[in-house]
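Undergrad: Pasting a structure below so you can have a look.
The values are calculated or read from the model by the stated rules, or taken from the named source; none is laboratory data. Remember, predicted model here, so these are calculated numbers, not experimental data. Glycine also receives a Cβ, built like all others from the backbone with ideal geometry; neighbour counts cover every protein chain displayed.
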Amino acid sequence: MSEPLLDVRGLTTSFETGQGRLTAVDDVSFSIEEGEVFGVVGESGSGKSVTALSVMRLLDDAGTVEADEVRFDGTDLLSLSESEMRSVRGGEISMIFQDPMTSLNPVMTIGEQIAEVVRHHGDVGERTGFWSEMRRKYVTGTSTESRSWRRAIELLETVGIPEPEQRATEYPHQLSGGMRQRVVIAQALAGDPSLIVADEPTTALDVSIEAQILNEILELSDEFGISVMLITHDLGVVRETCDRVAVMYASEFMETGHVDDLFEDPHHPYTEGLLASIPRIDDDREWLSVIEGTVPDLIDKPPGCPFQDRCEYAFDLCDRPLVEYELDSNRRARHAVRCHRENDRVRVDESGHVTDVPDEAVAALERRIEAGDGSSNDATVAESTVRADGGSPTGGFDETERRGDRDEY
Amino acid sequence: MGLRQYLLKRLVHSVFVMLFVVTVVFFAVRSIPGDPARLMLGGDADPEALEALRAELGLNEPLYVQYFQWLRRLLTGDFGESIRTGEPVLGSLVQVAGPTLSIAMLGMVIALVIAIPTGIVSSVKRYEIEDYLSTTIAFFGISMPAFWIGIVLILVVGVNVDAIPTFGYTPINEGVGPWLRSILLPAIAVGFPYGGILMRMMRSSMLEVLNEDYMRTARAKGLTSNLVLFKHGLQNALIPVVTLAGIFLAVVLGGVVAVEIVFGIRGIGRLLIGSINRRDFPLIQGTVLIVSFVFVLANIVVDLLYTMINPRIKYGGGE
Amino acid sequence: MTVSSRFDTDGGRVFGLRTDLIEQFIGTVNRDLKAKLGVVIVTLFVIAAIFAPELAPYDPMAQDFAPLQAPALSSETPLGTDSFGRDLLSRLMYGARISLGVGLGAVLFGAISGVLLGLIAGFYGGWIDDLLMRGVDVMWAFPWLLIAIMLVAVFGQGVWNVIVAVGFAYIDDFARITRGEVLSIREEEYVLAAESVGLGDLEIVFEEVFPNTVAPIIVQFTVLVARAMLAEATLSFLGLGVKPSTPTWGALLGQGRDFITTAWWISILPGVLIMITVLGINLFGDALRDAFDVREVDSE
């Protein structure tokens, strides 16, 4: 059993707002294997991006991140100093953001935006101190003879940008949307990372180039053996691209499992609802409109399942704190569901509705809550940079089977 | 929009601004009730002189003819003569421009050097003591008339520090030290309000930049916070500030006029107020025109600066 | 479809101002110390200005006392006297009327003219818009104080001349803001709805468009009142304001200039009042800006 590349246990992120405490990520656990494409799917505001930013420690002071563990390649990210963390950002883990127009700096050449990543994370022997960088930016410009610049041009070529020498000297506004996102991909590859977090990488793009860009990300990550954490609201994209997927709703991971298992046999009512509402390829409608009701307020979020008000299977236990139920039968990968319907002792009829909740089901749940399983009560508070409790993960965690035959999109 | 197009557009714009100034000035002076010639020369002027002036000013021609004649004279650099001294307006202005320009320039430099860094610090340390302190000072800056700051400076500094004169101007050819000392207080008085404006603009511009996606990208690249701020943020934040900084030079201009009076400095402001008191209309008219012209020129320089820091204009294309 | 549905859902209007804006402002004042300070200062000075005849202890023009008396709280003239033996406190209170009045008047002049221009330009578009906005652009890069000095020099002193000379500079600000807001909201459904129901242009402008431009205009108005007061003070200081004998803060300050070293209070006290008032108005404006969420720096 080899260690996963990224192992996150009990991640909880909250923000202090004027109205109260907003829980943006609630007790989320997941792992990403080497070379794997892991999808996080959910509607906007469900906490997908904040999950990624929490792992990267990129939230500003307003956010409080707590976790049992955020282990990347053997190191606990929460225990790193800020400067150690900087070498992880862009180097070990890089990010691709939603809108290439706004995520590229409008007053810097494309070449320099890539080259600076090379300089900071690669071994090109160029100075990266504050004054060196400032002189390069405002006085001399980046030398086109420098190794970092030449590497930037190579990367532009790698991501399929024609005339890379010329393009490198241009500014983002001079490129088309698709080309810009290719630049962002090149930028993400520049630090030679082992994980790329792609946050809605195609949402801001034209539908016609969406497939190209996704393919580019997948092919390159495959070629260089990079894992991908793909954040999206598009189930179609997930199905085509991911190995495993987590469904996020109202700051919690509702169901996590192999993408085929999840699509063939969803267990969480929310996942079911999502799958039932996948639009046809040419349909722009908001797919969530099919599930009735609204997302609960995340400020001073009560314990219990956040989906219960919209759930047709809701029953007595839904008010209780959620715990994770692992499904063991014939799964391609570990499959976990946060729904009390999965409690062994709860009886469910053919249609999925609960018929009986015996006392021993309640008792079993009480014991698990008592033991702290599936809740973050025992997590040590880590205020952004403070080290969290590095204790071992609670509960067993099966190794995910890595399938080599990932479908190309 | 390419660079050349942009500059051309701005130049045409400047020409229109000047034309507007010229027109306003022309019709304002011409709409003085009564006979401008009599008004200029005074009630007891002799008829011959009156007639001569009328002819010289072309007052016997139709108004539009007068207007175009006047425009033509302006284009050849003829801004008229003072009716008191008979000297050309341009010449009189050049003689007294030294102190005015010195004060305005130093005031500007003081404002820029202090306000821009302060604005940045303030935005980064938002809602912390640094922010409260500097925004408070800036608030006072934009709430005090420059000439009053001058008076307070005279009372507080001038009276107590002998090395700093509170009256008059020492030309630079009599030594840089004395020159600097003679314009220091007036320049602070002029620069403080301008600095207050700049600081507030810089702060709010930088606050917006700090929220931009590309700043998050820069952090995600693993850059230090100083590099994120100054390499990725600074230039973007300066773009809107630069344009407004040019427009608000008018604050410096207005400040200088009154501050010269406070410090008893013979500059353009004193000349203008003196000519108003003497009802020397050609001199008033010429002074307003020339100073406006300098203001417009300054804004052309600012436009050039703007194209240098904004690649969206320097390199056209895209949307 | 109801035409004014947008406002029904927002909970109505008071004097054309949406009540949610008023609530937002009250909320900001309750939260923010600076905003409170601004409101208190502005209220105080407005009251002093309005009730100057009732509140001032003496006639501001009467030369009843010994000249150049220093301020002494226990004396008959707590803030001292000027070189003619006039009570400075009374003169300052009357001065508040002119300073605030001219400041308000000038901006009102600029606002009415500018908002009208902006509404016309934004609403009709086409060549009318082009023409008006070119004009407004030209006015933007204009050395206004200089022009104001010249206008007063030519047309003579007096309240109305100062108001117009100072207020002229603000027309373009209001025109630009109004036009921008009109353009962004005129395509919104409720205006289209109003058109389809057959409301006239004027009705649409005043019923539907104008109320929505109110927030940024109020913010700009406040900021400009502060600036107008400074401009008025400068003009008066230069002897180009309202008639020289009329007490305005700028003029009082100017008269005290000759006595800076011997009787500092004559020029310092009016300056302090100008500063506090303008500070108060600026704080007030900032509070409004925060409450209405209006941007301060806007690139062209």
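Undergrad: Among the residues of region B:213-220, is there at least one that is in a loop (DSSP other than H, G, I, E, B) and either surrounded by fewer than 21 Cβ atoms within 10 Å (Cβ to Cβ) or not charged (D, E, K, R) (or both)?
TA: no
Undergrad: What helices (runs of 4 or more DSSP H), lying completely within region B:1-98, carry at least 2 residues that are at pLDDT 75 or above and within 14 Å of chain C (Cβ to nearest Cβ)? Break it down into steps so the answer makes sense when it comes.
TA: Values: elements: B:3-30, B:36-41, B:47-57, B:63-75.
Qualifying helices (runs of 4 or more DSSP H): B:3-30.
This table checks each residue for (1) acidic (Asp, Glu); (2) within 30 Å of B:LEU297 (Cβ to Cβ); (3) modelled with pLDDT under 75.
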position: C:MET133; (1), (2), (3): no, yes, no
position: C:GLY156; (1), (2), (3): no, no, no
position: C:VAL166; (1), (2), (3): no, yes, no
position: C:ASP172; (1), (2), (3): yes, yes, no
position: C:GLU188; (1), (2), (3): yes, no, yes
position: C:VAL197; (1), (2), (3): no, no, yes
position: C:GLY200; (1), (2), (3): no, no, yes
position: C:VAL205; (1), (2), (3): no, no, yes
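Undergrad: Something else about it: Is it the case that some residue within region C:173-184 is surrounded by fewer than 19 Cβ atoms within 10 Å (Cβ to Cβ) and within 14 Å of another protein chain (Cβ to nearest Cβ)? First the steps, then the outcome.
TA: Initially, region C:173-184 is screened for residues surrounded by fewer than 19 Cβ atoms within 10 Å (Cβ to Cβ), giving C:180, C:183-184.
Right, trim to within 14 Å of another protein chain (Cβ to nearest Cβ) and you get none.
No, region C:173-184 has no match at all.
Undergrad: Please work out which residue is farthest from the other protein chains (Cβ to nearest Cβ), limiting yourself to region A:80-99 and to residues that are surrounded by fewer than 19 Cβ atoms within 10 Å (Cβ to Cβ) and polar (S, T, N, Q).
TA: Going through the qualifying residues, I end up with A:SER81.
Undergrad: Still on this structure, I have one more. Pull up region C:253-294, narrow it to residues that are more than 8 Å from chain B (Cβ to nearest Cβ) and in a loop (DSSP other than H, G, I, E, B), then point me to the one that is nearest to the chain's Cα centre (by Cα).
TA: So the residue we want is C:VAL294.
Undergrad: I've got another one for you. Quick one: C:ILE128 ticks every box in (1) more than 14 Å from chain B (Cβ to nearest Cβ); (2) out of contact with any Lys or Arg (no Cβ under 9 Å at 6 or more places or on another chain); (3) touching a residue at least 60 places away in the same chain (Cβ under 8 Å); (4) of a type in the set (Val, Ile, Thr) bar one, so which box is it?
TA: If we test C:ILE128 against (1) more than 14 Å from chain B (Cβ to nearest Cβ); (2) out of contact with any Lys or Arg (no Cβ under 9 Å at 6 or more places or on another chain); (3) touching a residue at least 60 places away in the same chain (Cβ under 8 Å); (4) of a type in the set (Val, Ile, Thr), just (3) comes out false.
Undergrad: Of (1) over 16 Å from A:THR109 (Cβ atoms); (2) surrounded by 15 or more Cβ atoms within 10 Å (Cβ to Cβ), A:TYR171 satisfies all except one. Which?
TA: Going through (1) over 16 Å from A:THR109 (Cβ atoms); (2) surrounded by 15 or more Cβ atoms within 10 Å (Cβ to Cβ) one by one, A:TYR171 breaks only (1).
Undergrad: While we're here: Report, by residue number, each residue of region B:247-269 that is touching a residue at least 60 places away in the same chain (Cβ under 8 Å), farther than 21 Å from C:GLY271 by Cα and not β-branched (Val, Ile, Thr).
TA: Within region B:247-269, B:LEU249, B:ARG266, B:GLY267 qualify.
Undergrad: For region B:255-293, how many residues meet the condition of being assigned to a helix (DSSP H, G or I) and more than 9 Å from chain C (Cβ to nearest Cβ)? Can you show your working first?
TA: From region B:255-293, those assigned to a helix (DSSP H, G or I) are B:255-262, B:268-277, B:281-293; that's our starting set.
Cutting the leftovers down to more than 9 Å from chain C (Cβ to nearest Cβ) gives us B:256, B:259-260, B:268, B:270-271, B:274, B:282-283, B:286, B:289-290, B:293.
Count: 13.
Undergrad: Condition test on B:TYR132, is it surrounded by fewer than 14 Cβ atoms within 10 Å (Cβ to Cβ) and closer than 16 Å to B:SER204 by Cβ? I'd like the intermediate steps shown before the answer.
TA: Details: surrounded by fewer than 14 Cβ atoms within 10 Å (Cβ to Cβ): no; closer than 16 Å to B:SER204 by Cβ: yes.
When the stated conditions are applied, B:TYR132 does not pass them.
Undergrad: Could you tell me which numbered condition B:ALA104 fails, if it satisfies all but one of (1) of a type in the set (Gly, Ala, Ser); (2) closer than 25 Å to B:ILE273 by Cβ; (3) without any contact (Cβ under 8 Å) to a residue 12 or more places away in the chain?
TA: Of the numbered conditions (1) of a type in the set (Gly, Ala, Ser); (2) closer than 25 Å to B:ILE273 by Cβ; (3) without any contact (Cβ under 8 Å) to a residue 12 or more places away in the chain, the odd one out for B:ALA104 is (3).
Undergrad: Would you be able to say whether some residue in region A:100-115 is within 11 Å of chain B (Cβ to nearest Cβ), more than 26 Å from A:ALA204 (Cβ to Cβ), in contact (Cβ under 8 Å) with a residue 12 or more places away in the chain and surrounded by fewer than 20 Cβ atoms within 10 Å (Cβ to Cβ)?
TA: no
Residue-by-condition table, conditions (1) within 22 Å of B:VAL302 (Cβ to Cβ); (2) more than 7 Å from chain A (Cβ to nearest Cβ); (3) hydrophobic (A, V, I, L, M, F, W, C):
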site	(1), (2), (3)
B:MET201	yes, yes, yes
B:SER204	yes, yes, no
B:ASP213	no, no, no
B:GLY233	yes, yes, no
B:LEU244	yes, yes, yes
B:PHE248	yes, yes, yes
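Undergrad: Report, by residue number, each residue of region A:1-39 that is touching a Cys at 6+ places or on another chain (Cβ under 9 Å) and of a type in the set (A, V, I, L, M, F, W, C). Walk me through how you get there before you give the answer.
TA: From region A:1-39, those touching a Cys at 6+ places or on another chain (Cβ under 9 Å) are A:36-39; that's our starting set.
Answer for region A:1-39, where residues must be touching a Cys at 6+ places or on another chain (Cβ under 9 Å) and of a type in the set (A, V, I, L, M, F, W, C): A:VAL37, A:PHE38.
Undergrad: Separate question: Restricting the search to region B:294-319, which residues are polar (S, T, N, Q) and more than 14 Å from chain A (Cβ to nearest Cβ)?
TA: Taking region B:294-319 and keeping what is polar (S, T, N, Q), we get B:299, B:307, B:310.
Hit for region B:294-319 is B:ASN299, nothing else.
Undergrad: Test C:ARG227 against the criterion of being more than 25 Å from C:ALA48 (Cα to Cα) and either within 11 Å of chain B (Cβ to nearest Cβ) or among the aromatic types (Phe, Trp, Tyr) (or both), and give yes or no.
TA: Values: more than 25 Å from C:ALA48 (Cα to Cα): no; either within 11 Å of chain B (Cβ to nearest Cβ) or among the aromatic types (Phe, Trp, Tyr) (or both): yes.
The answer is no for C:ARG227.
Undergrad: Which is free of Cβ contacts under 8 Å to residues at least 60 places away in the same chain, part of a loop (DSSP other than H, G, I, E, B) and within 13 Å of chain B (Cβ to nearest Cβ), of A:LEU58, A:LEU53? Show your work before the answer.
TA: Details: A:LEU53 fails: part of a loop (DSSP other than H, G, I, E, B).
Every option except A:LEU58 fails the conditions.
Undergrad: Follow-up. List every residue pair whose Cβ atoms lie under 8 Å apart, where the two residues are 6 or more positions apart in sequence or sit on different chains, the first residue falls within region A:323-335 and is within 22 Å of A:GLU252 (Cβ to Cβ), and the second residue, located anywhere, is among the aromatic types (Phe, Trp, Tyr).
TA: Between residues of region A:323-335 that are within 22 Å of A:GLU252 (Cβ to Cβ) and residues that are among the aromatic types (Phe, Trp, Tyr), the close pairs are A:ARG334/A:PHE397.
Undergrad: Also, quick follow-up: Do we have any residue at all in region C:230-252 that's within 14 Å of chain B (Cβ to nearest Cβ), over 23 Å from C:LEU37 (Cβ atoms) and surrounded by fewer than 21 Cβ atoms within 10 Å (Cβ to Cβ)?
TA: yes
Undergrad: Counting just the residues of region B:215-231 that are without any contact (Cβ under 8 Å) to a residue 12 or more places away in the chain and of a type in the set (Lys, Arg), which one comes out nearest to the other protein chains (Cβ to nearest Cβ)?
TA: Looking at the filtered set, the residue picked out is B:LYS221.
Undergrad: List the residue pairs whose Cβ atoms are under 6 Å apart, where the first residue sits in region C:144-169 and is without any contact (Cβ under 8 Å) to a residue 12 or more places away in the chain, the second is outside any helix (DSSP H, G or I), and the two are 6 or more positions apart or on different chains.
TA: C:VAL154/B:ILE32
Undergrad: Any residue in region A:172-184 that's small (Gly, Ala, Ser): show its pairings with residues that are not in a helix (DSSP H, G or I) at Cβ separation under 8 Å, as long as the two are six or more apart or on different chains.
TA: The qualifying pairs are A:GLY177/A:ALA204; A:GLY177/A:LEU205; A:GLY177/A:ASP206; A:GLY178/A:LEU205; A:GLY178/A:ASP206.
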